[in-house]
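Participant: Here it is, the structure, as structure tokens.
Nothing in this text is a laboratory measurement; each read-out follows from the coordinates by a stated rule. Keep in mind that what you see is a predicted model, and the values were worked out from it rather than measured. Reconstructed Cβ throughout: ideal geometry from the backbone, glycine too, with neighbour counts over all protein chains shown.
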Amino acid sequence: MESLAIQSLKDFELLIVEDGSSIPCKSVCDAYSDRINIRYFFKENSGPGPSRNYGMEQANADYFIIFDSDCLIPENYLAEVDFFLSKNPIACFGGPDAAHPSFSAVQKAINFVMTSPITTGGIRGGGEQLGKFQPRSFNMGISREVFEKVGGYGKINPGEDPDLSFRIWQAGFDTALIEKAHVFHKRRIDWQKFSKQVYKFGVVRVILNKWHKGTSRFTYWLPALFSLGLLGSIALFPLFPFLVDVYLLYFVLVFLGALLRERSLWIAVLAVWAAVVQFFSYGFGFLKAQFLLRLLGKDEYKALPGFFFK
């Protein structure tokens with residue numbers, strides 16, 4: 001809210017939807033009521049998708065922008081979005097995410113592997129063609145027309161944002177990337193939380209590919225294949241030592257890429273470990289879901305109930 005209070009463009013309303021939190025933030029919202037046109041809502045816990053839908057239902061405007069509570073918004077963000085939409089009235093947009101200088105070394109390392117084209121993160125910041133960019137809900141704009149046409153977010157989590165993008169395309173609307181509309185998005189604060197997050201990403205990718213025919217890509221298999229290949233190269237090291245060298249070369253590239261971006265040896269070292277955690281955790285989730293849903297033919301709601309809100 002502090003970052004929104006200093007926006008160069010002032011003509012907006014801010015809706016805060018408290019999704020059943022045990023520690024409510026109404027007092028914080030009240031403290032900003034003289035600086036932002038703010039409206040606060042408390043509701044029973046239903047998950048991020050339905051809660052965002054609830055907020056859009058309460059909104060007065062015809063264009064909505066969704067942020068997560070762990071985002072910091074650059075002061076010219078809304079002005080950049082307003083300028084872009086005045087020239088390109090797109091139905092839905094997304095923007096990149098970046099690491100703020102105040103973030104921890106672990107968060108910056110995780111941010112690198114989640115946004116760098118040499119890992120799996122290129123699509124988050126511009127790796128896709130403009131017309132097929134998949135907005136993420138930490139930084140996503142959507143028109144009222146599209147929201148009402150497609151029904152907003154679903155009850156899957158995570159994965160509710162690419163699911164929405166697929167349904168937007170199926171309804172005949174386009175999405176776009178606004179490169180200058182970036183946010184500073186806080187990452188997980190430790191490796192266990194990061195591993196759990198990307199494991200879930202791997203699982204929901206299989207679910208979404210099952211729901212939306214024709215969306216599967218070979219690239220979704222790469223983290224799993226990378227992980228299996230690394231384990232295989234270690235096991236076969238006595239016979240084929242050069243196989244390990246291929247992976248060492250890749251990790252050197254990750255190290256150098258993080259070093260050039262962050263100017264920190266420690267963050268570069270952490271980025272190598274973050275890449276390992278990302279590939280193995282995502283790959284395990286992806287293979288597990290493939291085994292349950294594709295090979296065994298199980299129903300995703302019964303086999304993976306923790307990924308759906310009631």
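Participant: Suppose every Lys and Arg Cβ carries +1 and every Asp and Glu Cβ carries -1, with no other charges. What dipole size does the stretch 207-307 come out with about its Cα centre, to the nearest 20 debye?
Facilitator: Using Cβ point charges on Lys, Arg, Asp and Glu, the stretch 207-307 gives about 380 debye.
Participant: What is the stretch 33-187 by shape, rounded, prolate or oblate, if you read a ≥ b ≥ c off the alpha carbon gyration tensor as root eigenvalues and call it rounded for a/c under 1.5, prolate for a/b larger than b/c, and oblate otherwise?
Facilitator: Rounded, since a/c falls under 1.5.
Participant: Between Thr215 and Ser102, what length in nm is gained on full extension when 0.36 nm per residue of separation is reduced by their alpha carbon distance?
Facilitator: 37.0 nm
Participant: Top mean-square fluctuation among Ile118, Ile168, Ile73, Gaussian network model of the chain, C-alpha springs under 10 Å?
Facilitator: Among Ile118, Ile168, Ile73, the largest mean-square fluctuation in the Gaussian network model of the chain belongs to Ile118.
Participant: Place +1 on the Cβ of every Lys and Arg and -1 on the Cβ of every Asp and Glu in the stretch 1-143, take the dipole about the Cα centre, and give the residue among Ile73, Ala98, Leu15 whose Cα lies farthest towards its positive end.
Facilitator: The one lying farthest along the dipole's positive direction is Ala98.
Participant: As an exercise, identify the GluC sites (Glu not before Pro) in the stretch 6-85 lying in DSSP coil whose Cβ has no more than 13 other Cβ atoms within 10 Å.
Facilitator: Taking the stretch 6-85 and a limit of 13 other Cβ atoms within 10 Å, the loop GluC sites (Glu not before Pro) found are Glu13, Glu44, Glu75.
Participant: FRET efficiency for Asn76 and Asp30, Cβ-Cβ distance as r, R0 = 25 Å, nearest 0.05?
Facilitator: My answer for the efficiency is 0.40.
Participant: Would you mind pulling out the separation of the Cα centroids of the stretch 218-287 and the stretch 31-73, in Å?
Facilitator: For the stretch 218-287 versus the stretch 31-73, the Cα centre distance is 38 Å.
Participant: Relative to the present Cα-Cα distance, how much length would full extension add between Asn45 and Ile6 at 0.36 nm per residue of separation?
Facilitator: Here the segment from Asn45 to Ile6 would lengthen by 11.0 nm.
Participant: Next question. Note the full-extension length gain between Leu249 and Arg144 as 0.36 nm times their separation in residues minus their Cα-Cα distance, in nm to one decimal.
Facilitator: 33.0 nm
Participant: Shape of the chain from its Cα gyration tensor (a ≥ b ≥ c, root eigenvalues): rounded if a/c is under 1.5, otherwise prolate when a/b > b/c, or oblate?
Facilitator: In terms of gyration-tensor shape, prolate.
Participant: Here's a follow-up. About the Cα centre of the chain, how large is the charge dipole given +1 on each Lys and Arg Cβ and -1 on each Asp and Glu Cβ? Please answer in debye to the nearest 20.
Facilitator: 1040 debye
Participant: Write down, largest first, the equivalent ellipsoid semi-axes of the stretch 207-307 in whole Å, where each equals the square root of 5 times an eigenvalue of the alpha-carbon gyration tensor.
Facilitator: In descending order the semi-axes read 31, 19, 12 Å.
Participant: With each label point set 7 Å from Cα along the Cα-Cβ vector, what nm distance links Gln192 and Asn37?
Facilitator: Each label point lies 7 Å from its Cα, and together they span 4.5 nm.
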